[in-house]
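Presented below is the structure to which this report refers.
The values are calculated or read from the model by the stated rules, or taken from the named source; none is laboratory data. What you are looking at is a predicted structure, and each value in this text was computed from that prediction instead of being measured. Every residue, glycine among them, receives a Cβ derived from its backbone with ideal geometry; neighbour counts consider all protein chains shown. For accessibility, only protein heavy atoms count, side chains too; no ligands or nucleic acids. Shrake-Rupley method; radii C 1.70, N 1.55, O 1.52, S 1.80 Å.
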Amino acid sequence: MCGIVGYVGVRRAAPILLDGLGKLEYRGYDSAGIAVRDEANDHIEVVKAKGRLKNLAEMTDGGRAVPGSCGIGHTRWATHGEPSTVNAHPHYSKEKRVVIVHNGIIENYQEIREKLTRKGYVFETQTDTETAALLLDYYYQKAEGKHLSPRERALDAIRSMMIRVRGSYALGILFGDQPGVIYATRKDSPLIVGRCNEENAGHMIASDVPAVLSYTRNVVYIDNLEIACLTRDEMHVYNLDCEEIDKEFTEIKWDAASAEKDGYEHFMIKEIHEQPRAVRDTLSPRIKDEDGGKKSIDLSELNLTDDDLRGVSRVTIIGCGSAYHVGMVGRVLFEQLAKVPCEVDLASEFRYRQPILDERGLFIIISQSGETADSLAALRMCKERGLRTMAVVNVVGSSIAREADAVMYTWAGPEISVATTKAYSTQLAALYLVATKMAAVRGQIDAAREQQLIAEMLAIPDKIERVLSDKERVQWYANKMASCKDVFFIGRGLDYAISLEGSLKLKEISYIHSEAYAAGELKHGTISLIEDGVLVVAVATQPELFEKEVSNMVEVRSRGASLFGLTTYGQYAIEDTVNFTVYVPRTEPLFATSLAVVPLQLLAYYISCAKGLDVDKPRNLAKSVTVE
Ligand code: AGP
């Protein structure tokens, strides 16, 4: 969703803003804009363009045509008002007394708009953001009579605005009469501040780390309801009472190259290939060598004692989209391995269904970005009720990571493509560790089985490599099927969980209608949709369910479907039924999802390429869904 960048320093701001916005393109957007203060002419120049960032770059000659060393920029993902130049950010009040960029939603914007209209304010756009800009202007004018210093006056106005608005926001703010200063604040939308390296001396704000990485590795995560004030040389952060507070800098360990394509045509295919490394990085630090050649799982980072794990009455996994699909796998793992009841919920449903929650339960929130609005709200709901929470998160320092009682980071590295691949795989790996540890501690598996499971986990990265080495076959098949209109993914048990992910991957980047069904459910309605030309992807990695799944395949084949079978080496009987088969290496069946997901990711990727679509930035989608 929307991306924010700001820079104040010694360099020309506009090229830095454009560069930073380029690094946030993955978040999804439909228009972009910048506001830069031209010190020489004491004027704030605002330039906006609908569509891709390159339009804005062309209009500004890559930023070179916009003088000034202090500015803010924005990529907009429309919520209120159509995607258009006028609705693009920055938004500003009369004479550009206040200029802002905004990520989030001002929920009570109608009511504020009415109030401001009564006060004589005139609105130019349909956005909720303009409301925030004019409200800030209103309070800034009001504070004029309070005999405050410029900074106190700005803080006073920002604070009044924050108290008045409901919703979520990260804001970058320029005041027309305060040259060389950027203010920024947030509530429930991400915001970081970076202190630039010597060459670029100054400070930056951004929605995410990749936007600042070329200029700094030292960032501060701004917390909810904090206000940052930045100049070239100084950074101050204040709480809602306008008292200055200390903030710690975090050093970003990964480099800018991890957020580049590295010779691959798209981020998605690069990230698919990074999965062996990402899964290894997630598993290895948590698997320790013991005496006698044994290994053990070390989850001390979670601050859960063995007694805590034994005392867990129920596991509840909460997430959205692919993270929810990981939860579907987790349910099988926790129930079959650790024998602990487990339920999985969509965060958007969980938060409103008034669930009955077990106080001895463990609540696991899964999120790549750590900023998904519904997942964050679900986490907060659990915390308000005093429940034990843990987060499985990829983005270090994100809101969910910071607010959960414990966090287990997935070391996937920056994931740029909207369609998640490596983050999904590392989330699976994280749950393998937690479920196996819980099973061992609760005495549900013996030492030999524990060692076997650990060995199987450690073998997953190499096996993913083997699946990837066969990618050309999937590419060939994808090219052949690129024009199909309807695809059904079917499976049972874990294969149903993976079908959900395969189907989502396909629909989000290829725009082909697809659905995932528990194979046993077909006869209860959906099979009526099967006819000549429909593609059915049948996943059959679970030995115990294999024959039943083959029966379902026969049923759809005999009704005209074209069948893609996905199973493990050795299950060659499948070839009697299907038109095309992909085999993945044998593994512990409970971990088969990690291998079988790869051909499904490749299928979606190659179909999207064959259709000439924007693989990494599919229409209407955002990488991080920071609004409800
Ligand atoms: C997956 O390909 C999607 N882009 C999407 O479903 C995603 O998994 C979902 O929005 C959750 O995001 P999160 O992991 O950042 O919370």
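Kindly evaluate Ser399 against the criterion of being under 30 Å from Lys187 (Cα atoms) and in contact with a Gly (Cβ under 7 Å, 6 or more places away or on another chain).
For Ser399, the condition - under 30 Å from Lys187 (Cα atoms) and in contact with a Gly (Cβ under 7 Å, 6 or more places away or on another chain) - is met.
Looking for something among the acidic types (Asp, Glu) and touching a residue at least 12 places away in the same chain (Cβ under 8 Å) - is there at least one such residue anywhere in segment 262-270?
yes
Restricting to segment 102-132, what's the tally of residues that are on the phi > 0 side of the Ramachandran plot and surrounded by fewer than 17 Cβ atoms within 10 Å (Cβ to Cβ)?
Residues in segment 102-132 being on the phi > 0 side of the Ramachandran plot and surrounded by fewer than 17 Cβ atoms within 10 Å (Cβ to Cβ): 1 in total.
Against the condition among the β-branched types (Val, Ile, Thr), within 16 Å of the ligand (Cβ to nearest atom) and at pLDDT 95 or above, how does Thr420 come out, does it pass?
Numbers: among the β-branched types (Val, Ile, Thr): yes; within 16 Å of the ligand (Cβ to nearest atom): yes; at pLDDT 95 or above: yes.
For Thr420, the condition - among the β-branched types (Val, Ile, Thr), within 16 Å of the ligand (Cβ to nearest atom) and at pLDDT 95 or above - is met.
Of Tyr92, Tyr138, which residue is aromatic (Phe, Trp, Tyr), under 24 Å from Arg12 (Cα atoms) and buried (at least 19 other Cβ atoms within 10 Å of the Cβ)?
Details: Tyr138 fails: under 24 Å from Arg12 (Cα atoms).
Exactly one residue qualifies, and that residue is Tyr92.
Suppose we keep only residues that are of a type outside the set (A, V, I, L, M) and away from the ligand (no atom under 11 Å from the Cβ) within segment 373-388. Which one would you say is least open to solvent (accessible area, probe 1.4 Å)?
Taking the candidates together, the pick is Cys382.
Out of all the residues in segment 37-63, which are under 32 Å from the mean Cα position of the chain (by Cα) and assigned to a loop (DSSP other than H, G, I, E, B)? Break it down into steps so the answer makes sense when it comes.
Just the residues of segment 37-63 that are under 32 Å from the mean Cα position of the chain (by Cα), to begin with: 46-63.
Within segment 37-63, Gly51, Arg52, Thr60, Asp61, Gly62, Gly63 meet the criteria.
If only one of Gly413, Gly443 is of a type in the set (Gly, Ala, Ser), within 15 Å of the ligand (Cβ to nearest atom) and surrounded by fewer than 21 Cβ atoms within 10 Å (Cβ to Cβ), which one is it?
Just a single option satisfies the conditions, and that option is Gly413.
Filter segment 389-410 down to residues that are assigned to a strand (DSSP E or B), over 23 Å from Ile454 (Cβ atoms) and more than 11 Å from the ligand (Cβ to nearest atom), then give me how many there are.
Within segment 389-410, residues that are assigned to a strand (DSSP E or B), over 23 Å from Ile454 (Cβ atoms) and more than 11 Å from the ligand (Cβ to nearest atom) number 1.
Where in segment 273-372 are there strands (runs of 3 or more DSSP E), lying fully within it, with 2 or more residues that are of a type outside the set (Asp, Glu), buried (at least 22 other Cβ atoms within 10 Å of the Cβ) and within 16 Å of the ligand (Cβ to nearest atom)?
315-319, 362-367
Being in contact with a helix residue (DSSP H, G or I) (Cβ under 6 Å, 6 or more places away or on another chain) and open to solvent by less than 10 Å² (accessible area, probe 1.4 Å) is the requirement here; does Thr420 meet it?
no
Step by step: first the residues of segment 504-552, then only those that are among the charged types (D, E, K, R) and open to solvent by less than 10 Å² (accessible area, probe 1.4 Å), then the one that is farthest from Gln336 (Cα to Cα). Which residue is that?
In the first step, residues of segment 504-552 are kept if they are among the charged types (D, E, K, R); the result is 505, 507-508, 515, 521, 523, 531-532, 544, 547-549.
Imposing the further condition that a residue be open to solvent by less than 10 Å² (accessible area, probe 1.4 Å) reduces the set to 505, 549.
Numbers: Lys505: 27, Glu549: 20 Å.
Of everything passing the filter in segment 504-552, Lys505 is farthest from Gln336 (Cα to Cα).
Which one of these does Val86 not meet: (1) open to solvent by 40 Å² or more (accessible area, probe 1.4 Å); (2) at pLDDT 95 or above; (3) hydrophobic (A, V, I, L, M, F, W, C)?
Here Val86 clears every test but (2).
How about segment 412-444: which of its residues are within 11 Å of the chain's Cα centre (by Cα) and small (Gly, Ala, Ser)?
Ser417, Ala419, Ala423
Quick check: anything in segment 245-266 out of contact with any helix residue (DSSP H, G or I) (no Cβ under 9 Å at 6 or more places or on another chain), acidic (Asp, Glu), modelled with pLDDT of 95 or more and assigned to a strand (DSSP E or B)?
Looking for residues that are out of contact with any helix residue (DSSP H, G or I) (no Cβ under 9 Å at 6 or more places or on another chain), acidic (Asp, Glu), modelled with pLDDT of 95 or more and assigned to a strand (DSSP E or B), one finds none in segment 245-266, hence no.
Taking segment 489-503 as the region of interest, how many residues are within 19 Å of Ala610 (Cβ to Cβ) and surrounded by fewer than 24 Cβ atoms within 10 Å (Cβ to Cβ)?
0
I'd like the full set of residues that are over 26 Å from the mean Cα position of the chain (by Cα) and open to solvent by less than 30 Å² (accessible area, probe 1.4 Å), limited to segment 1-36.
Residues satisfying the conditions are Val8, Gly9, Ala13, Ala14, Ala35, Val36.
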